[in-house]
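The structure under discussion appears below in the form of structure tokens.
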Amino acid sequence: MISVEQYLALSAVMFVIGVVGVLVRRNAIIVFMSIELMLNSVNLTLVAFSAYLGDVTGQMLVFFVMTVAAAEAAVGLAIIIALYRIRQTVNIDDINILKW
Amino acid sequence: MDLYAIIFYLFAVITLGSATIVVFSKNVVYSAFALLFALFGVAGLYVLLMADFLAITQLLVYVGGILVLVLFGVMLTTKVFDVQMKTKTIQMVPAVAILGLLSGTIVGVFWSTDWYISENPIDVAKTAPQIGNMLLTTYLLPFEIASVVLLVALIGAAMIARRERKG
């Protein structure tokens, strides 16, 4: 039988892969996908706890995380597309219009 | 090793392998398709954790919705027939250092903590009714707020992404 620690370790490694993606990559869309990975790993933690606690409330929380993730995906990609239109690039280092 | 463990490790390898490809692939389209398999692996793990309804929702929302959105983003922001698709070389050394340090810390904390584990597991046949009941009783206000959030995000995304009209 798989223990809860194994699920937690799996989601921890997945989360850190997402963190590395955000820190190392400079393509806005890849950064965006890494954020999705991090959200998913946290969801996995919640579901694992929910299963080993015998309580459905954890799954409830995952639904709200998914809602916010969907909203974030729509708005985030809209921002990326709008930025691409004015700058012709999705490289984060080149996008500095908020700097002065 | 029983069947449950074998399936767990299978999905774990699929998820982590795809997640690695998402982050380290030089081609954005490869990343997007690897994200599909990562999300699919997480859905499989949900099934193993007796969250059947959630697994279906994961497939519908993430694989069906967000991933298609990401692919549209890739299409609209990269010239598909160009070499532009390739992104710059990745700094492997700091990446591996961050990966080892951070994951070591988090996994160490998770392993050393003595988690409380309940005796009575979740009844699979009752997760969807239970979730439905909770949504309309205890979590009614967050549920309504979530619907407003989605509406605002929809309108906002359409407004941000549309082309500016002169005059």
Hey, residue A:66 within 7 Å of chain B (Cβ to nearest Cβ) and under 17 Å from residue B:55 (Cβ atoms) or not: yes
Taking the stretch B:4-17 and keeping only residues that are touching a Leu at 6+ places or on another chain (Cβ under 8 Å), surrounded by fewer than 24 Cβ atoms within 10 Å (Cβ to Cβ) and under 20 Å from residue A:21 (Cβ atoms), one is left with B:12, B:16
Flagged pairs (Cβ under 9 angstrom, 6 or more apart or on separate chains; first in the stretch A:1-17, among the hydroxyl-bearing types (Ser, Thr, Tyr); second not in a helix (DSSP H, G or I)) are A:3/B:115; A:3/B:117; A:7/B:49
Of the residues in the stretch B:24-40 that are touching a residue at least 40 places away in the same chain (Cβ under 8 Å) and part of a helix (DSSP H, G or I), the one that is farthest from the other protein chains (Cβ to nearest Cβ) is B:29
Condition check: within 7 Å of chain A (Cβ to nearest Cβ), surrounded by 24 or more Cβ atoms within 10 Å (Cβ to Cβ), more than 23 Å from residue A:24 (Cα to Cα) and free of Cβ contacts under 8 Å to residues at least 24 places away in the same chain. Does residue B:46 satisfy that? yes
Of those in the stretch B:64-78 that are more than 8 Å from every other protein chain (Cβ to nearest Cβ) and buried (at least 17 other Cβ atoms within 10 Å of the Cβ), the residue nearest to the chain's Cα centre (by Cα) is B:67
Of the conditions (1) at the interface with another protein chain (Cβ under 7 Å from one of its Cβ atoms); (2) over 15 Å from residue B:62 (Cα atoms); (3) surrounded by fewer than 20 Cβ atoms within 10 Å (Cβ to Cβ), the single one that residue A:61 does not satisfy is (1)
Of the residues in the stretch A:69-93, those that are more than 7 Å from chain B (Cβ to nearest Cβ), assigned to a helix (DSSP H, G or I) and more than 18 Å from the chain's Cα centre (by Cα) come to A:83, A:85, A:86, A:87, A:93
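Readers should treat all values here as calculations from the given coordinates under stated rules, not as data from a laboratory. Note that the structure is predicted; figures quoted are calculated from it, not measured. Counting neighbours? That spans all protein chains shown, and the Cβs are built from the backbone with ideal geometry, glycine included.
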